[in-house]
Number of protein chains: 2
Amino acid sequence: MKTRLNLALVFCLLSAAARADEGMWMPQQIPQLAERLRAMGFRGEPQAFADLTGQPMGAIVSLGGCSASFVSPDGLIVTNHHCVQAALQFNSTPQKNLMEDGFLATARDQELTAGPGSRVYVTSSVVEVTGEISGKIDPKLDDRARHEVIEKRMKERTAACEKDGSRCRVASFFDGLKYYELAQMEIRDVRLVYAPSEGIGNFGGETDNWQWPRHTGDWSFYRAYVSPAGKSVPYAKENVPFKPKHWLKVSPEGAGPGDLVFVAGYPGKTQRFATYAQTKELYEWTFPRTVRRNTELIALLDEIGKKSKETELRVATRKRGLNNTLTNRKGVVEGFKKGDLLGMKEVMEKDLASWTAADPQRRKKYGDVLPALNAMQAGKEKTRDRDATLYDLLGAGGPTMAGGSSLLPAAHTLYVMSLERPKVDLDREPEYQERNWSRIREAQDRMQRSYDPGADRALLKYILVEASKLPAGQRIEALDKEAGFVSGMSEADAGKKADALCDRLYAGTKLGDKAARLQLLEKSTAEILAAKDPMIDLAAALDPLWQANRERAKTREGALERLGARYAEAVLEKSGGLTAPDANSTLRVTYGRILGVPARDGLVFSPQTTLAGVAEKATGSGEFNAPKKELDAIAAQKAGKKTPYLDPKLGSVPVNFLSTVDTTGGNSGSATLNAKGQLCGLLFDGTFDTVASDYLYDTEKTRSIHVDSRYMLWAMSEVDGATNILQEIGEAPSLDVSAPGR
Amino acid sequence: MKTRLNLALVFCLLSAAARADEGMWMPQQIPQLAERLRAMGFRGEPQAFADLTGQPMGAIVSLGGCSASFVSPDGLIVTNHHCVQAALQFNSTPQKNLMEDGFLATARDQELTAGPGSRVYVTSSVVEVTGEISGKIDPKLDDRARHEVIEKRMKERTAACEKDGSRCRVASFFDGLKYYELAQMEIRDVRLVYAPSEGIGNFGGETDNWQWPRHTGDWSFYRAYVSPAGKSVPYAKENVPFKPKHWLKVSPEGAGPGDLVFVAGYPGKTQRFATYAQTKELYEWTFPRTVRRNTELIALLDEIGKKSKETELRVATRKRGLNNTLTNRKGVVEGFKKGDLLGMKEVMEKDLASWTAADPQRRKKYGDVLPALNAMQAGKEKTRDRDATLYDLLGAGGPTMAGGSSLLPAAHTLYVMSLERPKVDLDREPEYQERNWSRIREAQDRMQRSYDPGADRALLKYILVEASKLPAGQRIEALDKEAGFVSGMSEADAGKKADALCDRLYAGTKLGDKAARLQLLEKSTAEILAAKDPMIDLAAALDPLWQANRERAKTREGALERLGARYAEAVLEKSGGLTAPDANSTLRVTYGRILGVPARDGLVFSPQTTLAGVAEKATGSGEFNAPKKELDAIAAQKAGKKTPYLDPKLGSVPVNFLSTVDTTGGNSGSATLNAKGQLCGLLFDGTFDTVASDYLYDTEKTRSIHVDSRYMLWAMSEVDGATNILQEIGEAPSLDVSAPGR
């Protein structure tokens, strides 16, 4: 208790500095922040962050969707437990459930492949290519043609960049104002090394997701493998650990309240430069729709999961994903409501309009932008119900799966692949270019692990019934024809029709069979259609609308590349300052302090949690099922057992902490660096009050949640006996195999 | 947000002083605490508290079960909303539900009688009478006889004291070590003046009970009436407001974080001087039994309440009481478990034993005490299941009702009354002495308001079935005979037998009729038995065991008066210091600071809540149904409407606050005084972590919850238009009847 009060004291003395710091900065922007960082007490060299192949940035990697970092010269990688979920599922069987039990390879040959599609991306270069991409475009081109030019230039640059075997991407920053070419080494042999059990790695489960106080041990370890010659190759027994040039030291000292911390990783997407109208649609239509749909889909999967343990396992990852998005979107909606964010956005936009109108130069430069963006938005909204439902049916059209069925999107992928394959590579849709073929194939392979016919059918039926309810002007006519839907029919009638269609689809389709699916991936359109697979036939019937939508989207993209860039430019010019671009899955650095936050009227979140809280929350089952071994170790620690990972101020081992750093989805697994540049934790979540910051940043309430490096080291030592890993990361220099309990 | 951070800062700067102060002090002890109070910054005169008829203590009154205080020269009394619940229920009809809507008399003639049995007790003198009660008792007397002597002396003193019309009581302090005679003026015409609606007065309901953050407007106003001659008389139209010598000023400034506050009131019962064995029984048997029973009884009442709005109203007060006890006991059990309080108690008792054993004098003085107390406790435990069940059936035997049926205890009261009436008053059981007859009568009258035949039958059946399950050595044989229970029978069979008995009881009894019941209260035993009322017959059949239990209890009492006093003496001598006695429903003063508290690992309770939190929690229905008028007023305040009750540091009106004062049940409604001696709030609850402090005080976690005087004044002014009351308490000197909104 005494220690808690000290904690509270520390927390509060820092309250004056409680404003969180907005900005997922491009690493090359960090040197420009030198003054701010020095004011926060940083004594290091900000320039170091700009060197993407130096220390520490050279150690930061992407897993595609999650962030991670090298922590040993032998390619050992640390990320979040929730980022290796698919690998755990891939290696689980009804007999041996790694998702529940965790996994530890005590020798290299025990390390398990993380499954097809698992990747580690090591950034090798970032070059600005704005002129090359958006320079000198004939202003007379219409938006569709303009987009074609930009897309073609991007493809050409990417192709040239990838000649040496890199994975490259040209990314837009500030909505098309700037372009950068990013080159990465793509490591394709990724292996699972260590994951704690679910009772540590996912302690708190959905109940604690986005919540504080938090006690989640959200870490796991991968290892990157390459060919003996050092090349990126698929999994092979003879492959050897990748030798990174840089790796992070996992800090046994961690960091405490008030300390400056950096987070380096790959934040996915924020939309802070969106217009009022765009934001309004998100708040009033997009998010509520997702909340409703995910709630219903989760209920469906819950019901289906009761059938068998195997089915439950198969749908677990997808359910977790749906739940995560659901909680996030609920938080966003609540955050918007509480903070009247839409009202604030409106004020900001009116300010921008006044600022523009106040000066003839600015009027000329930006006066037409907002009206044009608004007209575009209004046009898009006219068919949004239909378009979103089509997306739910077919997915993004690429290798990713939407929230609904897996089979119908797979069928559509096969069909589109057959249309795209005959083209010259540069003319193919970007996601179907040859560079993506192996990942399309792997996605179709990997899909099998989470595919459950009953669940798939139920999800498809759900979306079909949704489609039956579309308003008269927005029908998916091809589907109406296939299913026998008519506008205005009752839900019960639509359900019967959907059932009949599903009966036909699932009785006739071969796509649930992995081999059949992979085989069809190589076939021509004629061959595919000759298979008379009803799932493919439905996908083909829906494809014309999908293609038309893509065309419209490209026209909009062309307009956005033109208008969005100028809108962002106006915002930048008006703010007159150093501003970070919206997140776009590229490498970013954000900084802040470890700091609590007032949570609700009368309630304050203190900045750290400890082992004591794990024992407090543990129930022995369900989401709070801390392993007995951990509870015993906590009791031993409380009784005075020495550990080097104790925080003397807390009188316990710190478990999780809050910081003011600015992060979002994709940042999961990001290294949290202390002022020495050591890994003092892993970013794994944000508080519920934080999620709306993806759309309008809240400088007061935004807090990220991290797992403390000392909890990782303590659990590895006292609970999981991961001595080999401790030794490898330099935390247990002499391996005493005779020591009991290790 | 900014203001919240300031708050947190204030809170934390005080953390060093976060140890709560144990002690529900007798007012005459306060001067001895002068040094401690000065160290806490008190600049007033501690001696003032010792003067029970001076300022401020002369303004502090008891309602019997709740505390209250005079706030105007015209006998206006402020207490908690939950303390006037019975008065609201008494005046409610299905057409006009005062419990939901609240009540405001804008003129004296609109004030409503609070119902039979409502009392205001004004303490007039407190005199130590230890020698007179426990002095010079023949040491050769056995415990039963010893108790007889003490009881007789108490009765005699009480009778003498009450000659002038006072209500008197001789109370034991430190388990019989000391005795004091307390004289009170008993005001019998109590009227309801003002209660806010349920959406303010009980905002948060059961969900927030014992919780923080809290936003309950738990205040209401009574007025004390006396005859035109100033005598205490029952309700009469011509009665006039009582003129107290002292009343408190309701502070428009309140008090803030870090401020010293006093609470003056009538705490009911604590058991901090209990032995380890006594405490163990409470923790392991008594509380879990109550938790189970109340949970089941509440479920029963919930079900029954669904039948009709009228039934729901009738069972509301009892349900609230059961719920309150349930949550308290759950908190106690949890507190014991979390803090290993039993282990601490064991250590403390072992320390006491070692201290006793270490010195020959002490061995002689205290050596036999603990073994004798333990033997007594062991004896009592042998029949505890039976005795507790008999209590659940018949109640305390006096005018109070137990958790079960109301009719069977009523029957037993009538029966015992008929046995006691023929005796000389001094020979009667204390609770049946003539001085208590009017309250017995009022209780039987008042009972009608909450009596519902269906609910009563269901509750009785529940207890009957419980009785059927008693172990073989502890059967209630008379009941077995009446109901046809046999040891070891199935619950289903017992249910059928209980139903049959209930059919007979409720078909034949006239006791559900108020007039019949009150008439029988005057009858002889023969007349009562001649009525052949099956409920009375059952009570009479159960009475012999009840009488035998009372005899045993008196023997134990005699032993306790002898042993408990010496145990307390040993504890006092060992601690060597100034210690407060356990609470015993007498006037006490406790002091502390307004201060937050670390609540759980990673979570801190800040010391104040504000209007913002009311709006945050409001749902528009159920337990969080803040009135629209209040929400509008909060919005107006937020938009800048001026109010004298704003706390500039908070930027809002404070609603509730936490303090380190030491309080318990019975303290509800107690005046909270700031350093100026003004009423800055009302005590109304403690946090969940506090409740175990009734048994072993937790100096770190214990926090009381108060409603801020500024919230009271703000709501009276902005929501309820209680201008007449504001004027009476000196908050609205000129009544401008033309002002809108008042």
- Task: Within region B:96-121, work out how many residues are polar (S, T, N, Q), surrounded by fewer than 16 Cβ atoms within 10 Å (Cβ to Cβ) and touching a residue at least 60 places away in the same chain (Cβ under 8 Å).
- Result: 1
- Do the conditions hold for B:LEU572, that is, is it away from every other protein chain (no Cβ under 14 Å) and either part of a loop (DSSP other than H, G, I, E, B) or in contact (Cβ under 8 Å) with a residue 40 or more places away in the chain (or both)? yes
- Note on the structure: B:GLY564 vs (1) in contact with a helix residue (DSSP H, G or I) (Cβ under 9 Å, 6 or more places away or on another chain); (2) within 27 Å of B:ARG386 (Cα to Cα); (3) in the same structural domain as B:TYR391 (by TED's automatic domain parsing): all pass except (3)
- Query: When region A:39-62 is examined, which residues are found to be buried (at least 20 other Cβ atoms within 10 Å of the Cβ) and closer than 18 Å to A:VAL120 by Cα?
  - Reply: A:PRO56, A:MET57, A:GLY58, A:ALA59, A:ILE60, A:VAL61, A:SER62
- Message: Residue under question is B:LEU650, and the condition is that it be within 14 Å of another protein chain (Cβ to nearest Cβ), crowded, with 24+ Cβ neighbours inside 10 Å, closer than 20 Å to B:VAL261 by Cβ and touching a residue at least 24 places away in the same chain (Cβ under 8 Å); does it hold?
- Response: no
- Given the structure, is A:ARG157 of a type in the set (D, E, K, R), touching an Asp or Glu at 6+ places or on another chain (Cβ under 7 Å), crowded, with 23+ Cβ neighbours inside 10 Å and not assigned by TED's automatic domain parsing to the domain that holds A:ALA50? no
- Scan (1) in a helix (DSSP H, G or I); (2) within 13 Å of another protein chain (Cβ to nearest Cβ); (3) surrounded by 24 or more Cβ atoms within 10 Å (Cβ to Cβ) for the single condition A:GLU630 breaks and write down its number. (2)
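Return the residues of region A:195-240 that are of a type in the set (Lys, Arg) and either surrounded by fewer than 16 Cβ atoms within 10 Å (Cβ to Cβ) or over 17 Å from A:LEU76 (Cβ atoms) (or both); say none if nothing qualifies. First the steps, then the outcome.
Initially, region A:195-240 is screened for residues of a type in the set (Lys, Arg), giving A:214, A:223, A:231, A:237.
Selection gives A:ARG214, A:LYS231, A:LYS237.
Suppose the filter is within 8 Å of chain A (Cβ to nearest Cβ) and within 30 Å of B:SER69 (Cβ to Cβ); does B:PHE624 pass it?
Numbers: within 8 Å of chain A (Cβ to nearest Cβ): no; within 30 Å of B:SER69 (Cβ to Cβ): yes.
So B:PHE624 fails the test.
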- Query: For residues in region B:606-621 being buried (at least 17 other Cβ atoms within 10 Å of the Cβ) and among the small types (Gly, Ala, Ser), which is farthest from the other protein chains (Cβ to nearest Cβ)?
  - Reply: B:ALA618
- Message: Can you say whether B:SER668 is within 30 Å of B:GLU284 (Cα to Cα) and modelled with pLDDT of 95 or more, as far as the supplied structure shows?
- Response: yes
- Does A:GLU522 satisfy the condition of being out of contact with any Gly (no Cβ under 9 Å at 6 or more places or on another chain) and either more than 18 Å from A:TYR432 (Cβ to Cβ) or surrounded by fewer than 20 Cβ atoms within 10 Å (Cβ to Cβ) (or both)? yes
- Failed item in (1) over 30 Å from A:LEU352 (Cβ atoms); (2) of a type in the set (Asp, Glu); (3) touching a residue at least 12 places away in the same chain (Cβ under 8 Å), with A:GLU334 passing the rest: (1)
- Would it be correct to say that B:SER709 is modelled with pLDDT under 95 and buried (at least 24 other Cβ atoms within 10 Å of the Cβ)? no
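Just checking, does region B:388-402 include any residue being at pLDDT 90 or above, surrounded by fewer than 22 Cβ atoms within 10 Å (Cβ to Cβ), over 28 Å from the mean Cα position of the chain (by Cα) and within 22 Å of B:THR295 (Cβ to Cβ)? Lay out the reasoning, then the answer.
Filtering region B:388-402 down to residues at pLDDT 90 or above leaves B:388-394.
With the extra rule that they be surrounded by fewer than 22 Cβ atoms within 10 Å (Cβ to Cβ), the set shrinks to B:388, B:391.
If we keep only those that are over 28 Å from the mean Cα position of the chain (by Cα) too, we end up with none.
Scanning region B:388-402, I find no residue that is at pLDDT 90 or above, surrounded by fewer than 22 Cβ atoms within 10 Å (Cβ to Cβ), over 28 Å from the mean Cα position of the chain (by Cα) and within 22 Å of B:THR295 (Cβ to Cβ), so the answer is no.
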- Task: Would you be able to tell me the number of residues in region A:350-385 that are more than 11 Å from A:ALA570 (Cα to Cα) and within 36 Å of the chain's Cα centre (by Cα)?
- Result: 18
- Query: Does B:ALA692 meet the test of being buried (at least 24 other Cβ atoms within 10 Å of the Cβ), in contact (Cβ under 8 Å) with a residue 12 or more places away in the chain and out of contact with any strand residue (DSSP E or B) (no Cβ under 9 Å at 6 or more places or on another chain)?
  - Reply: yes
- Per the list (1) within 13 Å of another protein chain (Cβ to nearest Cβ); (2) at pLDDT 95 or above, residue check on B:ALA636 breaks on (1)
- Query: Among the listed residues A:ALA478, A:ALA530, A:ALA541, which satisfies the condition of being hydrophobic (A, V, I, L, M, F, W, C), surrounded by fewer than 18 Cβ atoms within 10 Å (Cβ to Cβ), more than 23 Å from A:TYR451 (Cβ to Cβ) and in contact (Cβ under 8 Å) with a residue 40 or more places away in the chain?
  - Reply: A:ALA478
- Query: Within region A:596-605, is even one residue among the aromatic types (Phe, Trp, Tyr) and within 13 Å of chain B (Cβ to nearest Cβ)?
  - Reply: yes
- Among the residues of region A:122-142, is there at least one that is more than 26 Å from the chain's Cα centre (by Cα), modelled with pLDDT of 95 or more, outside the structural domain of A:ARG446 (by TED's automatic domain parsing) and buried (at least 19 other Cβ atoms within 10 Å of the Cβ)? yes
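Residue by residue, here is whether (1) touching a Cys at 6+ places or on another chain (Cβ under 9 Å); (2) over 19 Å from B:GLY666 (Cα atoms); (3) not aliphatic (A, V, I, L, M) holds:
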{"position": "B:THR286", "(1), (2), (3)": "no, yes, yes"}
{"position": "B:ILE298", "(1), (2), (3)": "no, yes, no"}
{"position": "B:LEU301", "(1), (2), (3)": "no, yes, no"}
{"position": "B:ILE304", "(1), (2), (3)": "no, yes, no"}
{"position": "B:THR311", "(1), (2), (3)": "no, yes, yes"}
{"position": "B:ARG318", "(1), (2), (3)": "no, no, yes"}
{"position": "B:GLY321", "(1), (2), (3)": "no, no, yes"}
{"position": "B:ASN324", "(1), (2), (3)": "no, no, yes"}
{"position": "B:ASN328", "(1), (2), (3)": "no, no, yes"}
- Which of the residues that make up region A:104-118 are assigned to a loop (DSSP other than H, G, I, E, B) and modelled with pLDDT of 95 or more? A:ALA105, A:THR106, A:ALA107, A:GLU111, A:ALA114
- Message: Taking the criterion of being part of a helix (DSSP H, G or I) and more than 14 Å from chain B (Cβ to nearest Cβ), would at least one residue in region A:576-595 satisfy it?
- Response: no
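What number of residues within region B:188-219 are hydroxyl-bearing (Ser, Thr, Tyr), away from chain A (no Cβ under 14 Å) and closer than 28 Å to B:LYS330 by Cα?
Initial filter on region B:188-219 (hydroxyl-bearing (Ser, Thr, Tyr)): B:194, B:197, B:207, B:216.
Cutting the leftovers down to away from chain A (no Cβ under 14 Å) gives us B:194, B:197, B:207.
Still in the list and also closer than 28 Å to B:LYS330 by Cα: B:207.
The qualifying residues number 1.
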- Among the candidates B:ALA274, B:ALA358, which residue alone is surrounded by fewer than 19 Cβ atoms within 10 Å (Cβ to Cβ) and of a type outside the set (Ser, Thr, Tyr)? B:ALA358
- Query: Right, A:ASN674: modelled with pLDDT under 95 and in contact with a Cys (Cβ under 9 Å, 6 or more places away or on another chain) or not?
  - Reply: yes
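The values are calculated or read from the model by the stated rules, or taken from the named source; none is laboratory data. These numbers were taken from a predicted model, which means no experiment stands behind them. Note that we place each Cβ from the backbone using ideal geometry, even for glycine, and neighbour counts take in every protein chain shown.
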